[in-house]
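One structure is given here, and the rest of the page talks about it.
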Amino acid sequence: MVSIDMSGKNVLITGAGGGIGGGIADVFAKAGAKVYVADWKFENAQRKADEIKAAGGEAIPLMLDVTKKDDIYAAVDKIAAEDGRIDNLVTCAGAMYNVPYMKTTEEQLRTLLEINLISVNNTCQAVLRHMIPRKEGKIVNVQSSASREGHPLCAHYAASKFGVMGLTQSIALSVTGDNINVNGLCPGFIDTQLGAQQNSNLWDVLMKNWGKSKEEMMSVLVARDIPMQRLQTPEDIGYAALFLCSDMAKNITAQSLNIDGGMKLD
Ligand SMILES: NC(=O)c1ccc[n+]([C@@H]2O[C@H](COP(=O)([O-])OP(=O)(O)OC[C@H]3O[C@@H](n4cnc5c(N)ncnc54)[C@H](O)[C@@H]3O)[C@@H](O)[C@H]2O)c1
């Protein structure tokens, strides 16, 4: 039987107090990994870690604001000191504005670049300092279908996520000689709180714009845009992240995998 066993491995997941990050954390814990559940909303990180432990897994909650470089380095160095290494990193912290382009502000762009892009750069660099000397490690950066295609309501989000794709490819090619794989995942539509912090949750904005209930709106969206006719789940993203962090994926690097029910073909 072929299966993915992460026993004895650890993983740092940013934004793991949220929807997709939480799903990724659950999947890694079920595969036997020790999961560092990092989020700037510590109560959410704590709740997810408690859920994992109640289900028999191993999890440690971490308060981590990914816009604070010094805090990232401190958290990463502490994990490496305590465990002797970092095996896997999944960057999933994210934010979004859904605003017509001519109403966007430069401040919103700066906010999204800080949270969605610069944070990924800093977290990858902090972790790679420990992976490179060991000549081992796997990194997965959560991108988006908006890493491949712009949208009039989320120009700044798309700009940040295009950036994450370019950064992921470039980092991956920088460490090919170090036995380290760096890949991205592009989720389609998942029902989460993304953007709520910015008073700009996608589902709330669409409900307002379309004048429909969430269920009505989702069924229209699914029928119109998703060939497989279903929304994605946080666990869908978790299983893909687990595969990319496993030895089964040792020859996959610098790729971005769509997990969107066939919505994007590139
Ligand atoms: N939901 C979707 O349909 C969808 C689609 C494609 C990509 N994504 C991406 O998936 C990732 C997770 O989003 P989600 O949908 O689970 O949303 P979410 O809001 O449920 O989760 C995002 C998490 O990131 C955390 N976060 C935000 N800023 C942070 C910071 N400065 N430091 C640390 N943590 C911070 C939030 O507290 C939250 O827990 C994001 O990168 C998002 O862009 C989501």
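Each reported figure results from applying straightforward, stated rules to the coordinates on display, with no laboratory input. Because the structure is a prediction, the values reported are computed rather than measured. No Cβ is skipped: glycine too gets one built from the backbone with ideal geometry, and neighbour counts run over all protein chains shown.
How big is the shadow of the Cα convex hull of segment 108-216, averaged over all directions, in nm²?
7.5 nm²
Taking R0 as 25 Å, what FRET efficiency do you get between Met248 and Ala55 from their Cβ-Cβ distance, rounded to the nearest 0.05? After rounding to 0.05, the efficiency reads 0.55. Straight-line reach from Lys68: taking Cα to Cα under 17 Å and skipping same-chain neighbours fewer than 8 places apart, the lysines in range are Lys41, Lys78. Each of Val99, Val11 was scored by other Cβ atoms within 10 Å of its Cβ. Listed from fewest to most, they are Val99, Val11. If the chain linking Phe42 and Leu265 were pulled fully straight, counting 0.36 nm for each residue of separation and taking away their Cα-Cα distance, it would gain 76.6 nm.
Evaluated at q = 0.11, 0.14 Å⁻¹, the base-10 log of the normalised Debye intensity for the chain, with identical point scatterers placed on the Cα atoms, takes the values -0.57, -0.94. Tilt of helix 42-54 relative to the longest C-alpha principal axis of the chain, in degrees (0 to 90, nearest 10)? That helix lies at roughly 60 degrees to the long axis. Listed from fewest to most Cβ neighbours within 10 Å, the set Thr105, Thr233 follows the order Thr105, Thr233. Distance from the Cα centroid of segment 1-77 to that of segment 197-225 is 29 Å (rounded to whole angstrom).
In the chain, the DSSP-assigned H stretches of four residues or longer account for a calculated mean residue ellipticity at 222 nm of -13500 deg cm²/dmol, using -39500 (n - 2.57) per stretch and the full residue count as denominator.
In terms of distances greater than 22 angstrom between alpha carbons, the cross-link table entries Lys48/Lys250; Lys161/Lys214; Lys9/Lys30; Lys69/Lys264; Lys53/Lys161 yield Lys48/Lys250; Lys161/Lys214; Lys69/Lys264; Lys53/Lys161.
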